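S.K.: For reference, the structure I am asking about is given below.
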Amino acid sequence: MPGTARDDDMPGRMVGDAGPVGDSVRDRAIAAVLQEALLPAALPVLPRARIAARYLEAGQEQSAGGDWFDAIPLADGSVALVVGDVVGHGVAAVAAMGQLRAVLTELLAAEADLGHVLQRADAFAARTPALRAATLALAVLDPAAGMLRYATCGHPPPLVIGIDGTARYLEGTGTGPLGTGSSPVLATSELGPGELVLLYSDGLVERPDRTIAEGMAELAVAAAGAVAETPAEGAAERAAALAADPAAAERVCQRTVEVLTRTGRADDITTLAVQRLADPVPALRLELSSERPSLTTARDAFAGWLSRLGAAADDWEALHLALVEVFTNAIEHAYPRGEPGIIELEATLGDDGNWRQPDPADADRGHGLMVAGQVVDQLLVSHPPRLADGTAGSQGTIVTLRHRLGRPAVLASGHDHADAAHPAEPPFAVDTSIAESATARALVRGPVDITTADQLARRLLSVSRGGTVPLVADLTGVTQLASAGVRALYAVSGQMAAHGQDLTLITAPGSAAHLVLDLVRLAHIAGEQF
């Protein structure tokens, strides 16, 4: 009967007019999840530009819409910045947004002519009904020269914030929305060292109680106020402080959204800011002795360097593991035993251009190098030619690691996808016990590398009585498992197998230990801490 519930209906759904309400809530949830999945979770980390973004979905009464942003490093060292808005809300608008973002990313990577990129994007939108009248602000910044090329396709113009705290809007180019056949018009401007440019969606400046002009004026004041928070006295000092301020772009995105949404919002809101840095991010350079204590020095210095860049947790962990493996390899194999030499460590942030693929004939893949090569984008080992007398050249062996770094973007929930500030690593520890069943147990925490692997092996063999009783080793608290730790586990496993006993290893799903043990084919169980 209409208006009554039946046991065979979907849970929580009433037969009658309550169904559409439930469907609407469910559709909004699906659209929000899809939107978050299609937006970039991380932004590129570049040597001369600091990029930040923030996206907030529409208010409770609206589904997520077609707002989107992107930052795409190009082969010439420049970076393309995009904020767009597809008409409508809900799953259809979000899906169309994903199509447009993917097509534009490919066009920008393949085509140097920005006008041609916009022409092809316009043609694609014209063939796709859901994309017609989509608006777009596209800017390409050369961070080294400060040159900014841009187009506004039916979209509000970019806002530039100077180092003196003033804000100015760039002139709109007058190009119509995508899919309308409007010929692209490009304009150029210039960013000085330390200056920022902000791209944003119209949801930030459009509100029922304000005109567009009033909303844009408020945005300019809020953005300039965020920049003015840079702590310094005097114009010259403030300019220098801002040019070196790594948080200015993040602060502009955060403050403008906070200030302009205090009275609520009906539409999606997107901000994308990039600051042209006055100087490139400084490199990390160390010269250390090829002895085990040097690994700790290298790890700590490299961790601090990555943290200053705001690297996402996944990238931080991958590069940290790769460094440990390569540095350990150098300690163990670069010099004769008992005759330590020098290991040089250099970490630099490069432009994200086209990479030359390594020649397999040049690659030397040992156990540790195999692990390092699996977790970074590129690993290359080169051996410079020997001198005429047959001795090694002055450069020795060079191991080059390359990995594209990302910085977390703030998406729909208002929270970072990943915490840019990596937590402090716990100290290495092994807690052991033997149960009444005569099964030994060990809880391992912290980094397991060349400095701690021997201690791990001793503790595991001690609690297992030399491998004569079964052992369960919980590695869910291990923050780093280097090849030296793998060797220790294999040695313990072999000792126990000789006595007919089992070694059971437990890892946290997706953890560093889980990844490494999968790579080296050492059996383990992914589960919770015992």
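The values are calculated or read from the model by the stated rules, or taken from the named source; none is laboratory data. This is a predicted model, so every value here is computed, not measured. All Cβ positions, even for glycine, are placed from backbone atoms using ideal geometry, and neighbour counts span all protein chains on display. The accessibility values were calculated without ligands, DNA or RNA, using every heavy atom of the protein model including side chains. Shrake-Rupley method; radii C 1.70, N 1.55, O 1.52, S 1.80 Å.
S.K.: Can you give me the % of accessible surface on the range 75-224 that is carbon or sulfur? Probe 1.4 Å, all protein chains present, nothing else counted.
M.R.: Values: 3220 of 5740 Å².
The computed percentage sits at 56.
S.K.: Let me ask something else. Please report the equivalent ellipsoid semi-axes of the range 72-197, computed as sqrt(5 x eigenvalue) of the Cα gyration tensor, largest first, in whole Å. Before the final figure, lay out the partial values.
M.R.: Working: eigenvalues 131, 50, 35 Å².
Equivalent-ellipsoid dimensions as semi-axes: 26, 16, 13 Å.
S.K.: May I ask you to compute the full-extension gain from Q455 to D76, defined as 0.36 nm times their residue separation minus their alpha-carbon distance, rounded to one decimal in nm? List each step's numbers first, then the result.
M.R.: On the way: separation 379, 0.36 × 379 = 136.44 nm, distance 4.89 nm.
Length gained, Q455 through D76: 131.6 nm.
S.K.: Can you tell me the dipole magnitude for the range 31-188 around its Cα centre, using point charges on the Cβ only (Lys, Arg +1; Asp, Glu -1), in Debye to the nearest 20? Intermediate values should be presented prior to the final figure.
M.R.: On the way: 9 positive and 14 negative charges, 15 e Å.
Charge dipole of the range 31-188: 80 debye, to the nearest 20.
S.K.: Continuing with the same structure: From the backbone phi of the range 182-197, what are the Karplus-calculated ³J(HN,Hα) couplings (6.51 cos²θ - 1.76 cosθ + 1.60, θ = phi - 60°) in whole Hz, Gly and Pro given as x?
M.R.: 6, 5, x, 10, 10, 10, 10, 8, 9, 9, x, x, x, 6, 10, 10
S.K.: I would also like to ask the following. Ignoring ligands, DNA and RNA, what accessible area per residue does the range 93-187 give at 1.4 Å, in Å²? Write out the running numbers ahead of the final one.
M.R.: Numbers: 3690 Å² over 95 residues.
Result: 39 Å² per residue.
S.K.: Still on this structure, I have one more. Of the accessible area of the range 478-525, with the probe set at 1.4 angstrom, what percent is carbon plus sulfur? It would help to have the intermediate numbers written out before the result.
M.R.: Values: 1090 of 2010 Å².
Here carbon and sulfur together make up 54 percent of the probe-accessible area.
S.K.: Quick one: ranking R120, R50, R168 by accessible area, 1.4 Å probe, largest first, what do you get? Before the final figure, lay out each step's value.
M.R.: Values: R120 120, R50 35, R168 95 Å².
Ranking R120, R50, R168 by accessible area, largest first, yields R120, R168, R50.
S.K.: In whole Å, how far is the Cα centre of the range 482-528 from that of the range 80-109?
M.R.: Between the Cα centres of the range 482-528 and the range 80-109 lies a distance of 44 Å.
S.K.: In Å², what does the accessible area per residue of the range 462-530 work out to with a 1.4 Å probe? Each step should come with its number before you reach the end.
M.R.: On the way: 2930 Å² over 69 residues.
On a per-residue basis, 42 Å².
S.K.: Further, regarding this structure: Work from the charge dipole of the range 458-530 (Cβ charges, +1 for Lys and Arg, -1 for Asp and Glu, about the Cα centre) and give the residue of H499, V472, I525 farthest towards its positive end.
M.R.: H499
S.K.: Turning to a different aspect of this structure: How far apart, in nanometres, would the label points at D209 and T180 be if each is projected 7 angstrom from Cα along the Cα-to-Cβ direction?
M.R.: 3.0
S.K.: Mind ranking R487, R285, R521 by accessible surface for me, highest first, 1.4 Å probe?
M.R.: On the way: R487 100, R285 155, R521 200 Å².
Heavy-atom accessible area, descending, gives R521, R285, R487.
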